[in-house]
1. Run residue 144 past the list (1) crowded, with 18+ Cβ neighbours inside 10 Å; (2) over 20 Å from residue 55 (Cβ atoms); (3) over 13 Å from the mean Cα position of the chain (by Cα) and report the number of the one that doesn't hold.
2. Could you pull out every one of the strands (runs of 3 or more DSSP E) wholly within the stretch 61-142 that has 3 or more residues that are under 21 Å from residue 185 (Cβ atoms) and either touching a residue at least 24 places away in the same chain (Cβ under 8 Å) or in contact with a helix residue (DSSP H, G or I) (Cβ under 8 Å, 6 or more places away or on another chain) (or both)?
3. Quick check on residue 45: is it part of a helix (DSSP H, G or I), modelled with pLDDT of 95 or more, surrounded by fewer than 23 Cβ atoms within 10 Å (Cβ to Cβ) and touching a strand residue (DSSP E or B) at 6+ places or on another chain (Cβ under 7 Å)?
4. Take the stretch 153-177 and flag every residue that is in contact with a helix residue (DSSP H, G or I) (Cβ under 6 Å, 6 or more places away or on another chain) and assigned to a helix (DSSP H, G or I).
5. Out of all the residues in the stretch 73-98, which are closer than 12 Å to residue 48 by Cα and buried (at least 24 other Cβ atoms within 10 Å of the Cβ)?
6. Test each condition in (1) touching a strand residue (DSSP E or B) at 6+ places or on another chain (Cβ under 7 Å); (2) more than 23 Å from residue 198 (Cβ to Cβ) for residue 110 and report the one that comes out false.
7. When only residues in the stretch 178-191 that are at pLDDT below 95 and either surrounded by 12 or more Cβ atoms within 10 Å (Cβ to Cβ) or in contact with a helix residue (DSSP H, G or I) (Cβ under 8 Å, 6 or more places away or on another chain) (or both) count, which is nearest to residue 128 (Cα to Cα)?
């Protein structure tokens, strides 16, 4: 894996330590050199979907990064929003935007260190190649209120390769109102090898 902060390096991550190292280097330039340059629309799509199905706060932004999804939620009047991410440096950037109630460092594959219980949860770009697999859903469900909406984007190739379908089936009657919607990750002006990549917007409620 290269330490250079770009999408190919992100997709090649293998361990939490890899993620910490890459996103430390990427935090200051992520919004400009990745999100804006690649017409990254997925955070706005997640926020839009959460709003359309009636999601509301308090919301946990899972894999908050630099706060792009929380910014989109804020524009829709949804809050308060807390954020968790494995990278302290990415959270430092997110903190400057003034859209979070609280931010904390955490590995999403482990129990989340928060005393809060949330009415909603969103995640954009975290359940993807080299990042978090389907087992990351369990810690999120553990901090949700009954009836709360969860909307996570899952890279379409990652969904097929890492067992999301089996995991969601295994959740059984612990979730309800399940839906899948395929969306573009990047806008129509995006170029490059990943320009046409898609994600599944997976939405469900905690039963």
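The values are calculated or read from the model by the stated rules, or taken from the named source; none is laboratory data. None of these values were measured; they are calculated from a predicted model. With ideal geometry, Cβ positions are generated from the backbone for all residues, glycine too; neighbour counts draw on all protein chains shown.
1. The number of the failed condition is (2).
2. Values: elements: 81-85, 102-105, 118-127.
Of the strands (runs of 3 or more DSSP E) lying wholly inside the stretch 61-142, those with at least 3 residues that are under 21 Å from residue 185 (Cβ atoms) and either touching a residue at least 24 places away in the same chain (Cβ under 8 Å) or in contact with a helix residue (DSSP H, G or I) (Cβ under 8 Å, 6 or more places away or on another chain) (or both) span 118-127.
3. Numbers: part of a helix (DSSP H, G or I): yes; modelled with pLDDT of 95 or more: yes; surrounded by fewer than 23 Cβ atoms within 10 Å (Cβ to Cβ): yes; touching a strand residue (DSSP E or B) at 6+ places or on another chain (Cβ under 7 Å): yes.
Yes: the conditions hold for residue 45.
4. Matches in the stretch 153-177: 164, 167.
5. Step one: list which residues in the stretch 73-98 are closer than 12 Å to residue 48 by Cα, which gives 73-78.
Listed by number, the list holds a single entry, 73.
6. Residue 110 satisfies all of (1) touching a strand residue (DSSP E or B) at 6+ places or on another chain (Cβ under 7 Å); (2) more than 23 Å from residue 198 (Cβ to Cβ) except (1).
7. Going residue by residue through the stretch 178-191, those that are at pLDDT below 95 are 185-191.
With either surrounded by 12 or more Cβ atoms within 10 Å (Cβ to Cβ) or in contact with a helix residue (DSSP H, G or I) (Cβ under 8 Å, 6 or more places away or on another chain) (or both) added as a condition, the list becomes 185-187, 190.
Details: 185: 11, 186: 14, 187: 18, 190: 19 Å.
Looking at residues that are at pLDDT below 95 and either surrounded by 12 or more Cβ atoms within 10 Å (Cβ to Cβ) or in contact with a helix residue (DSSP H, G or I) (Cβ under 8 Å, 6 or more places away or on another chain) (or both), I get 185.
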